[in-house]
Amino acid sequence: MLSIYGKKAPKNSFCDGISRRGVLKIGALGVGAFGLNMADILRAEASTGSSMKHKAVINVFLGGGPPHQDMWEIKTEAPKEIRGPFQPISTSVPGIQIGECFPNIANIMHKSTVLRAVVGCEGRHDSFQCMTGFRHAQMRALGGHPALGSVLHKLQGPVDASVPPYIGMKTDGVWKNPGTPGFLGPTYAPFIPDGQGLADMKLQGITTDRLADRKAVLKSFDRLKSNVDSAGQLAGLDSYQQQAFDVLTSSKLVDALDLSKEDPEVRAKYGTGQPFKYKYDGADTNNELLLQARRLVEVGVRCVTLTYGRWDSHGDNEGLVRHHGTRIDQAVAALVNDLEDRGMLDNVTVLVWGEFGRTPRINPNGGRDHWTQVSCAYMAGGGMKNGQAIGSTNRLGEHAHSRPVHVQEIFATLYHNLGIDTSATTVVDPTGRPQYLTQMDPIAELV
């Protein structure tokens, strides 16, 4: 907890002579001193008709590659070695069925869209394409294409100076990359609220007088500076320092990440995702990350990314899908309903997907291997025309049969939902040349 002390005041002061307005504690005490927490403030805003005004994206990456044919399009007519053990279940939209591990999402299908034939997947065990829309090698010589969150930071800036516009939630695993700024440079990298982010900015004994002295502030950021320098990111140092200062002088970010301030009934709806199984070298099935994502966009974050689970099911695909599937089913349904209850759903696009699909044929280990020909995705919110299942694969789930949706179309849709016209908007690369954000149009069925 950081305390920032102002000058002593002769009147209306505490017994130590410090003004009642002269103490700011970073964290819950920013409002907690008055018996309030973030939930109280949000309830007060709701009662006056106030709601979230900015647009945002919550991008949930299923690292490792989820099995498309065991989630949103069960292949009922395929042979047993293709079809797998899962049964289709009906949803709230007549005529649309999805896998049995997703009963909560089935109940909100009218608020959701499943893309059953996603194409254009690169085939790398990497989040890069799911964060940028582009392949890893494209513009690699210039640093690569920037992640969507970095583009939003560049084009739209922060909603609130004390809240980073782009946050990558800290997760474990080999496919945990929350996105990179690419050729835009480190100034637009995601803020990662972990030991190298928030903890590095918990300063002690800094007065407002000293805080005004830039040299004194810089001394307090020595560890942050060394981390940045070791990563070769000195070009973005001033931006990091400014962002750190802004976060320090507000409790919004700290409060948003503190789930103890959330309504216990809301937390229960999301669940925890425990016990964590099938993790190996991947991420936990941490449902609370999705709740934190909602709280973050609520206070001004434009893009939140996170990795959920470890979906590389070369063995025991059934066990993994039953474990991971039922947990993310609870978390995603809770997130969508929560956003709707708060009047935020039309402004927030939820995207859940992985880097590629899985093989139609089940291998001798009961698993499915890598399959780049077709994948899948789940979307909700964003003011889209939801309640759809778009596209289909052939009888064996090998390739797109109808209405393939390209990765680039998905990103064009995200930008459209964020109010950005991709046909006219560009960002400038290091050579001074304008680069379009996508190469395709938004998904026509959704916008």
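Only one of the listed residues (Gly168, Gly182) is of a type in the set (Gly, Ala, Ser), touching a helix residue (DSSP H, G or I) at 6+ places or on another chain (Cβ under 8 Å), farther than 26 Å from Asp284 by Cβ and modelled with pLDDT of 95 or more. That residue is Gly182. Within segment 137-169, being within 24 Å of Gly64 (Cβ to Cβ) and surrounded by fewer than 19 Cβ atoms within 10 Å (Cβ to Cβ) holds for Ala137, Gln138, Arg140.
Taking the condition more than 24 Å from Asn59 (Cβ to Cβ) and in contact with a His (Cβ under 9 Å, 6 or more places away or on another chain), does Asn363 pass? When the stated conditions are applied, Asn363 passes them. In segment 151-166, is there at least one residue being touching a Pro at 6+ places or on another chain (Cβ under 9 Å), part of a strand (DSSP E or B) and of a type outside the set (Ser, Thr, Tyr)? Scanning segment 151-166, I find no residue that is touching a Pro at 6+ places or on another chain (Cβ under 9 Å), part of a strand (DSSP E or B) and of a type outside the set (Ser, Thr, Tyr), so the answer is no. Residues considered: Ser127, Ser226, Ser220. Of these, the only one that is at pLDDT 90 or above and polar (S, T, N, Q) is Ser127. Quick check on segment 270-283: of everything there that is of a type outside the set (Ser, Thr, Tyr) and over 19 Å from the mean Cα position of the chain (by Cα), which residue is farthest from Asp341 (Cα to Cα)? Result: Asp281.
Look through segment 60-102, keep the residues that are acidic (Asp, Glu) and in a loop (DSSP other than H, G, I, E, B), and return whichever of them is farthest from the chain's Cα centre (by Cα). Can you show your working first?
Of all residues in segment 60-102, those acidic (Asp, Glu) come to 70, 73, 77, 81, 100.
Among the residues that remain, those that are also in a loop (DSSP other than H, G, I, E, B) are: 73, 77, 100.
Values: Glu73: 25, Glu77: 36, Glu100: 25 Å.
Applying the filter and picking the extreme gives Glu77.
Candidates Gly64, Gly84, Gly95: the one that is on the phi > 0 side of the Ramachandran plot, crowded, with 19+ Cβ neighbours inside 10 Å and either modelled with pLDDT of 95 or more or in contact with a His (Cβ under 7 Å, 6 or more places away or on another chain) (or both) is Gly64. If you take the residues in segment 123-136 that are surrounded by fewer than 18 Cβ atoms within 10 Å (Cβ to Cβ) and not small (Gly, Ala, Ser), which one is farthest from Phe61 (Cα to Cα)? The extreme case among them is His136.
Which residues, counting only those in segment 105-118, are crowded, with 18+ Cβ neighbours inside 10 Å and in contact (Cβ under 8 Å) with a residue 40 or more places away in the chain?
Keep residues of segment 105-118 that are crowded, with 18+ Cβ neighbours inside 10 Å, which gives 105-106, 108-109, 111-118.
Result: Ile105, Ile108, Met109, Lys111, Ser112, Thr113, Val114, Leu115, Arg116, Ala117, Val118.
Which is basic (Lys, Arg), farther than 22 Å from Phe191 by Cβ and crowded, with 24+ Cβ neighbours inside 10 Å, of Arg322, Arg342, Arg310?
Arg310
Do we find that Ile105 is part of a strand (DSSP E or B) and hydrophobic (A, V, I, L, M, F, W, C) in this structure? Write out each step before concluding.
Working: part of a strand (DSSP E or B): no; hydrophobic (A, V, I, L, M, F, W, C): yes.
Against the criterion (part of a strand (DSSP E or B) and hydrophobic (A, V, I, L, M, F, W, C)), Ile105 does not qualify.
Residues that are outside any loop (DSSP other than H, G, I, E, B), crowded, with 24+ Cβ neighbours inside 10 Å and touching a helix residue (DSSP H, G or I) at 6+ places or on another chain (Cβ under 6 Å) within segment 274-293 comprise just one, Leu290.
Just to check your reading of the model, which residue among Ile420, Ile443, Ile410 is among the hydrophobic types (A, V, I, L, M, F, W, C), surrounded by 12 or more Cβ atoms within 10 Å (Cβ to Cβ) and in a helix (DSSP H, G or I)? Give the steps one after another, and end with the answer.
On the way: Ile420 fails: in a helix (DSSP H, G or I); Ile443 fails: in a helix (DSSP H, G or I).
Answer to the check: Ile410.
Within segment 175-190, the residues that satisfy the criterion of being closer than 16 Å to His125 by Cα and in contact with a Lys or Arg (Cβ under 9 Å, 6 or more places away or on another chain) are Trp175, Lys176, Pro178.
Residue count for segment 374-398 satisfying the condition of being surrounded by fewer than 19 Cβ atoms within 10 Å (Cβ to Cβ), touching a residue at least 40 places away in the same chain (Cβ under 8 Å) and in a loop (DSSP other than H, G, I, E, B): 4.
Restricting attention to segment 251-265, the residues being crowded, with 18+ Cβ neighbours inside 10 Å and of a type outside the set (Lys, Arg) number 6. If you go through segment 119-140 and keep only what is polar (S, T, N, Q) and either within 10 Å of Gln408 (Cα to Cα) or touching a residue at least 24 places away in the same chain (Cβ under 8 Å) (or both), you end up with Ser127, Gln129, Thr132.
The values are calculated or read from the model by the stated rules, or taken from the named source; none is laboratory data. Predicted, not measured: the structure shown is a model, and the values here were computed from it. Glycine also receives a Cβ, built like all others from the backbone with ideal geometry; neighbour counts cover every protein chain displayed.
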